[in-house]
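A.B. asks: Take a look at the following structure, please.
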Amino acid sequence: MARRGPILAAIAGLAMVILMVAFVILPKASQVREKREQVESARQQEAQLQVRLDQLRALAQEAPKNRRRLRVLDAAIPPNADLPGLIRLLNGIAERSGVDFMTVAPSTPTPSPFTAAVLPTQITVAGRFFSVDQYLYRLENLPRAAKVTNLQISPQGGGLNYLQVGLNVEFYTMDTTAGPGSQGDAAAGGQTGAPGATATPAPGTTPAPNTATTPAPGASPAPAPSPGA
């Protein structure tokens, strides 16, 4: 019996150790593993958030440049047809170029494959060679996007120094419902020019009534020069 006492005590101690491992140490170890996994997950999230933060800082630095680009794009392809603004642009370059007069006839817009509407416009200008050349240059450099699809040049008054130029030009708008007389154009302040109208008066003459004719501001039709001028 004396020998069994230490054995029983050892067995009891081993049982206590097993119970402590099973009910104390193992749960604690499991909690430690979970905490480590949570810490590792938090570190990964922190790294992702840091990358996102760096991206946002880079975008914030690019924001002023992007805003300028958006303003240029909005001017090139406005959200509505804005025919009054277009007419003012064309009148402005006519005045600066010194052409004698100009006619503008916008047509009904047509859809394009680029989520925009094309606004076909017929323009006629007349004047001396260098004035017409300046008008064409300024038309090419308008803040509003323009594409000349057809160009016809004819001398007037029997001389080569005085020209009349007919242009078919495409302007663009993001409003596919916009156009002369439409709601989109009315919201822009009304319309100028009758859809589908054309006018190609000879230099020095007065355009007929009810045509979509817009004289160049401050300019009056000049008589055609004599041959050899």
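A.B. asks: Looking only at region 105-118, decide whether some residue is within 16 Å of Leu151 (Cα to Cα), at pLDDT 90 or above and in a strand (DSSP E or B).
C.D. replies: Scanning region 105-118 turns up no residue that is within 16 Å of Leu151 (Cα to Cα), at pLDDT 90 or above and in a strand (DSSP E or B).
A.B. asks: So is Thr108 under 11 Å from Tyr172 (Cβ atoms) and surrounded by fewer than 17 Cβ atoms within 10 Å (Cβ to Cβ) or not?
C.D. replies: It is false that Thr108 is under 11 Å from Tyr172 (Cβ atoms) and surrounded by fewer than 17 Cβ atoms within 10 Å (Cβ to Cβ).
A.B. asks: Within the set of pairs 6 or more residues apart or between chains, which connect a residue that is closer than 30 Å to Pro79 by Cβ inside region 152-181 to a residue that is modelled with pLDDT of 85 or more and among the charged types (D, E, K, R) with Cβ atoms less than 9 Å apart?
C.D. replies: From residues that are closer than 30 Å to Pro79 by Cβ, the pairs are Val169/Lys147; Glu170/Lys147; Phe171/Arg144; Phe171/Lys147; Tyr172/Arg144; Tyr172/Lys147; Thr173/Asp82; Ala178/Asp82.
A.B. asks: Residue by residue through region 117-130, note down the ones that are crowded, with 17+ Cβ neighbours inside 10 Å and either over 16 Å from Val169 (Cα atoms) or among the hydrophobic types (A, V, I, L, M, F, W, C) (or both).
C.D. replies: As a first pass, look at region 117-130 and keep what is crowded, with 17+ Cβ neighbours inside 10 Å: 117-128.
The answer is Ala117, Val118, Leu119, Ile123, Val125, Ala126, Gly127, Arg128.
A.B. asks: Please verify whether Val72 is open to solvent by 70 Å² or more (accessible area, probe 1.4 Å), at pLDDT 90 or above and out of contact with any His (no Cβ under 9 Å at 6 or more places or on another chain), treating the condition exactly as stated.
C.D. replies: Criteria not met by Val72.
A.B. asks: Surrounded by fewer than 16 Cβ atoms within 10 Å (Cβ to Cβ), charged (D, E, K, R) and more than 18 Å from Gly166 (Cβ to Cβ): is that true of Arg96 in this structure?
C.D. replies: Values: surrounded by fewer than 16 Cβ atoms within 10 Å (Cβ to Cβ): yes; charged (D, E, K, R): yes; more than 18 Å from Gly166 (Cβ to Cβ): yes.
Answer is yes for this residue.
A.B. asks: Let me ask something else about it. Scan region 135-159 for residues that are in a loop (DSSP other than H, G, I, E, B) and either over 26 Å from Arg69 (Cα atoms) or aliphatic (A, V, I, L, M) (or both) and jot them down.
C.D. replies: Passing the criteria: Leu142, Ala145, Gln156, Gly157, Gly158, Gly159.
The values are calculated or read from the model by the stated rules, or taken from the named source; none is laboratory data. Note that this is a predicted model, so its numbers are computed, not measured. In this analysis, Cβ positions are derived from the backbone assuming ideal geometry, glycine residues included, and neighbour counts consider all displayed protein chains. Accessible surface is based on the protein model in full, side chains and every heavy atom, while ligands, DNA and RNA are left aside. Shrake-Rupley method; radii C 1.70, N 1.55, O 1.52, S 1.80 Å.
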